[in-house]
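Report on the structure given below.
The values are calculated or read from the model by the stated rules, or taken from the named source; none is laboratory data. Everything numeric here is computed off the predicted structure, so don't read it as measured data. Heads up, the Cβs are rebuilt from the backbone with ideal geometry, glycines too, and the neighbour counts pull from every protein chain shown. Just the protein is used for accessible areas: all its heavy atoms, side chains included, with ligands, DNA and RNA removed. Shrake-Rupley method; radii C 1.70, N 1.55, O 1.52, S 1.80 Å.
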Amino acid sequence: VQLQASGGGFVQPGGSLTLSCRASRTIFSGNPMAWYRQTPGNARDLVARIRSGRDPDYADSVRGRFTIWRDNAKNTVTLQMNSLKTEDTAVYYCFTKIDGCNYWGQGTQVTVSS
């Protein structure tokens, strides 16, 4: 499975960005899809995750500002990021897990700066 992420960029604090990730083949609703982010020298941290039959999970730092959803028909997962802060600056990665194997997108840079 290949995951292609898009939508990163530069935005001022308080602004919004939308990240999208498309899978190269069908991702069944039972497989989780998620977004992680990473800053230099730090581990990759979970931002938001969506799993079938459960409410989405969000990191405390983004809850109320970010929204994740998926379109199973299009094999996409989207992260809407509002009220962005400088501390949201990172490389964002989409993720899925299928049959015990982890799959990562290539990463997209989000920079929040005035």
| query | Ignoring ligands, DNA and RNA, what percent of the 1.4 Å accessible area of segment 61-114 is carbon and sulfur? | reply | 46 percent
| note | Measuring from its Cα centre, the chain shows a charge dipole (+1 at each Lys and Arg Cβ, -1 at each Asp and Glu Cβ) which, in debye to the nearest 20, is 240 debye
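Strictly greater than 17 Å: what percent of every Cα pair in segment 46-89 meets that? Working shown, then result.
Numbers: 308 of 946 pairs.
Within segment 46-89, distances greater than 17 Å cover 33 percent of Cα pairs.
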| message | With 17 Å as the cut-off, how large is the P(r) tail for the chain, expressed as percent of Cα-Cα pairs? | response | 50 percent
| Proximal charge balance of ALA90 [Cβ under 13 Å; K/R count +1, D/E count -1] | 0
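Using a 1.4 Å probe, what is the accessible area per residue for the chain, in Å²? Mind dumping the intermediate values first?
Details: 6050 Å² over 114 residues.
Spelled out: the 1.4 Å probe surface of the chain, per residue, equals 53 Å².
Counting pairs of alpha carbon atoms under 8 Å apart in space and at least six apart in sequence, what relative contact order in percent does segment 3-114 give?
On the way: 267 pairs, mean separation 41.1, N = 112.
Worked out over segment 3-114, it gives 37 percent.
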| task | Sort by residue number and name the cysteines in the chain that have no neighbouring cysteine Cβ under 4.7 Å. | result | CYS101
